[in-house]
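This report concerns only the one structure given below.
Where a number appears in this text, it was derived from the coordinates with a stated rule and is not lab data. The model shown is predicted, which means the values in this text are computed figures rather than measured ones. Every residue, glycine among them, receives a Cβ derived from its backbone with ideal geometry; neighbour counts consider all protein chains shown.
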Amino acid sequence: MSVDVVVIGAGSAGASACFAARKQDRKANIVCINKEPYPTYSRCALPFVIGGEIDSFKTTTVFEASFFEKQNIELLLDTEIISVNIKEQYVQTSERKIEFKSLVIATGGKGRLPDIPGIENEGVFVLRTRDHGDAILKRSAKGKKAIINGASFIALEVAEALKHRGMDVSCVIRSRALRSMVDNQFSIMIEEKLEENGITVLKGAPVTEITGDGTVSHVIVNGEQIPADMVIISTGTEPDVCLARDMGLDIGQTGGIKVNEQLETSASNIFAAGDCVESQCFIRKQPFISGLGTIAARQGMVAGANAAGAKLSSPLVLNASIMKLFDIEIGAVGLTEDIAKNAGFDIAVGGVKYPDKPHYYPGGKDVYVRLLAHKEDGRIIGAQVIAKEGVAARVNMLSLAIQNRMTARELQMADFCYSPPCSDTWAPEAIAATGLAKRLERKK
């Protein structure tokens, strides 16, 4: 069978690629191949099914198989790819050979498993798929003590979810919470929030061993044996490039598939998008792995359209991120202090705690803002926000500020709105920018 576009993967990037290809070419024959037995679903929603906020894993479906059918896209579920022949342009599955004119690889990422003795024990999990989530949920009903190894987004969300399930939860944090997203001051606040809600924080050493006779019974942390009925390994993800490597495609220095501005790989007419590719950081101008669903969806749109004949460029990547942890929201965009310094930037930092409403209006809540700027030109290159609510809108605004290369002084003088029930005369971001601008001027 010969088709115009084959898409490998039906996650955020793969689904977006399919629908973008269809919009680009209404007559193209499109086939989407997915190794999981489910159509497109939200991986980010899985912890909230475990915690009970979402009633079932089925509810996390974003695009049903029927939606692909309506778009005249053939969706092959629970299908393993045996090989891809670049020269002769065909995909071989266990059941059929599918010839193509162009191909989009959207194989996503996979949980990074550290080399820990005993990691093969029953009761040790990663959370990446619906099946992983279902297994964790079933296990949580049988045990009392959960160990979360890591302090990533997923790690903290699963920790909260299992706490909601009534488990005794401990987070093993080798360095600090959300290290790649926020600075140390905010990490401290996050760790305090975990403790405040009954989650034990074991900081400064990793899990070095998982013990048990076939089933987990303890973990070893800093020489101490800690009881465990289940262990969640959440020490990060890595690009799933097994297929791309077998195809002979170039793999970048980050471990992701190397692509050009149009998301084309080292082979012509073969594109890649999402967690399996390396993205370009808008600020550092260097490749890195994003791992965000928003980036995957936008890249999938570009790759799919280009596979169907367009000439679009890959979107900017600032890694705007947000999560909810108990009763606070945590958001960030751009570089952290550590990442900026490691990249060689000479930076200044400004921070503030400021209420979201005037002092005279009831119900105001504190907003914590940190801004990072390049000392040379005052341009903002990073921002972090913690508040009870409304963080998404603040991070989105700060993302646009960074994207448009605003300086601290320009952000200070931006035209923010005001009404006592909604916001103060001066927004917390403007107050933080004021202090940062003064600091930058003193350093000149």
In whole angstrom, note down how far apart the Cα centers of region 46-68 and region 171-206 are.
29 Å
Within a 10 angstrom radius of the beta carbon, how do K193, K357, K375 rank from fewest other beta carbons to most?
K375, K357, K193
Putting +1 on Lys and Arg Cβ atoms and -1 on Asp and Glu Cβ atoms, find which of I232, G118, H218 reaches farthest to the positive end of the dipole of region 113-233.
I232
For region 215-369: rounded, prolate or oblate by the Cα gyration tensor [a/c cutoff 1.5]
oblate
With only helices counted (DSSP H, runs n ≥ 4, each -39500 (n - 2.57)), the per-residue ellipticity at 222 nm for the chain, to the nearest 500, works out to -8000 deg cm²/dmol
Taking the Cα centre as origin and putting +1 on Lys and Arg beta-carbons and -1 on Asp and Glu beta-carbons, what dipole magnitude results for the chain, to the nearest 20 debye?
1060 debye
Residues T215, T237, sorted so that the one with the fewest Cβ neighbours within 10 Å comes first:
T215, T237
Summed side-chain charge close to A28 - residues other than A28 whose Cβ falls under 9 Å, Lys, Arg +1, Asp, Glu -1
+2
Among the lysines, which fall within straight-line cross-link reach of K438, defined as a Cα-Cα distance under 19 Å, with same-chain neighbours fewer than 8 residues apart omitted?
K353, K375
Among the lysines, select those whose C-alpha is under 17 Å from the C-alpha of K203, and discard any that sit fewer than 8 residues away in the same chain.
K193
Summing +1 per Lys or Arg and -1 per Asp or Glu among the other residues with Cβ less than 13 Å from T93's Cβ gives -2
Environment charge of V241, counting only residues whose C-beta is closer than 11 Å and scoring Lys/Arg +1, Asp/Glu -1:
-3
In percent, what relative contact order does region 91-174 have, based on Cα pairs under 8 Å that are 6 or more apart in sequence?
21 percent
Which is farthest toward the positive dipole end of the chain among L156, M406, I339, measuring Cα position about the Cα centre, with Cβ charges +1 (Lys, Arg) and -1 (Asp, Glu)?
M406
Straight-line reach from K138: which lysines have a Cα under 18 Å away, not including same-chain ones fewer than 8 places off?
K58, K163
Options (i) 1.04; (ii) 0.98; (iii) 1.12 - which one matches Cα Rg over 2.2 N^0.38 Å as calculated here
(i)
In terms of the charge dipole of the chain, which places +1 on Lys and Arg and -1 on Asp and Glu at the beta carbon, the residue among T425, V349, L194 farthest towards the positive end is T425
Quick calc, region 26-123, dipole around Cα centre from Cβ unit charges on Lys, Arg (+) and Asp, Glu (-), nearest 20 debye, gives 600 debye
Quick one: putting +1 on the C-beta of Lys and Arg, -1 on the C-beta of Asp and Glu, what dipole do you get for region 113-233 around its Cα centre, in Debye to the nearest 20?
240 debye
First check a/c for region 60-129, with a ≥ b ≥ c the square roots of the eigenvalues of its C-alpha gyration tensor; if it is under 1.5, answer rounded, and if not, answer prolate when a/b is larger than b/c or oblate otherwise.
oblate
Test of understanding: ordering C276, C44, C281 by Cβ neighbours within 10 Å, fewest first, what list do you get?
C44, C281, C276
Percentage relative contact order, the chain, counting C-alpha pairs under 8 Å, at least six apart:
14 percent
So, relative contact order of region 113-233 in percent, Cα under 8 Å, 6 or more apart, is 35 percent
